[in-house]
């Protein structure tokens, strides 16, 4: 029993015990129960990761990371859809025809040459205003293909405090 408690603590320690969701720290709690497949639930500021009891003896860090990635994917799908519609209305119909949610290293979003917007689901780790600013910036790229002064003027026109978030967007 004591060995499984130490193993659980090591997994939580490697995960950092906390993850980010919309800029806030969320605790991760691992619970072993009589279930067939791993499950997640978000209760307040705690993500409960339910793992089958048979996983107690295995290395569960990868399983927990996969479950959290799936959670980010699902939250991103819902939040991005809402934010894209709000941004399209704000920019008076200027929006890409297609978009994808796909993991990309060192990028939160990018507009492809065929005007498909690719958004990293990791964006839900940041505040919702970051998501809105990223979408405004990428939507404006539909009108201006390069990073010119006109692009930044258009972004500043529709974005609240873009200068404040620009640094985060370039670092993320």
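Report, in deg cm²/dmol and to the nearest 500, the calculated mean residue ellipticity at 222 nm for the chain, where each DSSP H run with n ≥ 4 adds -39500 (n - 2.57) and the sum is divided by the residue count.
Details: 5 runs with 77 residues, N = 172.
The helix-only estimate for the chain comes to -14500 deg cm²/dmol at 222 nm.
Counting only alpha carbon atoms, the long axis of helix 128-140 and the longest principal axis of the chain meet at about 40°.
Counting only DSSP beta bridges with both residues in the chain, tell me the antiparallel percent, nearest 5. Walk me through the intermediate numbers first.
On the way: 12 of 23 bridges.
If we restrict to bridges inside the chain, about 50 percent are antiparallel.
Expected output is a single nm value to one decimal: the length gained when fully extending between residue 53 and residue 78, i.e. 0.36 nm times separation in residues minus the C-alpha distance. What is it?
Values: separation 25, 0.36 × 25 = 9.00 nm, distance 3.11 nm.
Residue separation times 0.36 nm, minus the Cα-Cα distance, leaves 5.9 nm.
Helix 61-90 and the longest principal axis of the Cα set of the chain meet at an angle near 30°. For segment 47-115, place one equal point scatterer on every Cα, skip the solvent, and apply the Debye formula. What is log10 of I(q)/I(0) at q = 0.17, 0.20, 0.23 Å⁻¹? Cα-only, vacuum Debye calculation for segment 47-115: -0.78, -0.93, -1.10.
Within the P(r) computed for the chain, what percentage of the Cα pairs occupies the region above 21 Å?
On the way: 7919 of 14706 pairs.
Tail of P(r) above 21 Å: 54 percent of Cα pairs.
Each label was represented as a point 7 Å from its Cα along the Cα-to-Cβ direction; for residue 162 and residue 31 these points are 4.5 nm apart.
State the percent of C-alpha pairs, over all pairs in segment 73-171, separated by a distance greater than 20 angstrom. Numbers along the way, then the final one.
On the way: 1428 of 4851 pairs.
Across segment 73-171, Cα pairs with separations above 20 Å total 29 percent.
Computed extension gain for residue 147 through residue 106, at 0.36 nm per residue and net of the alpha carbon distance, reaches 12.9 nm.
No lab work stands behind these numbers, since they all come straight from the coordinates. Not measured: the values here are computed from a predicted model. Here Cβ is always computed from backbone atoms with ideal geometry, including for glycine, and neighbour counts include all displayed protein chains.
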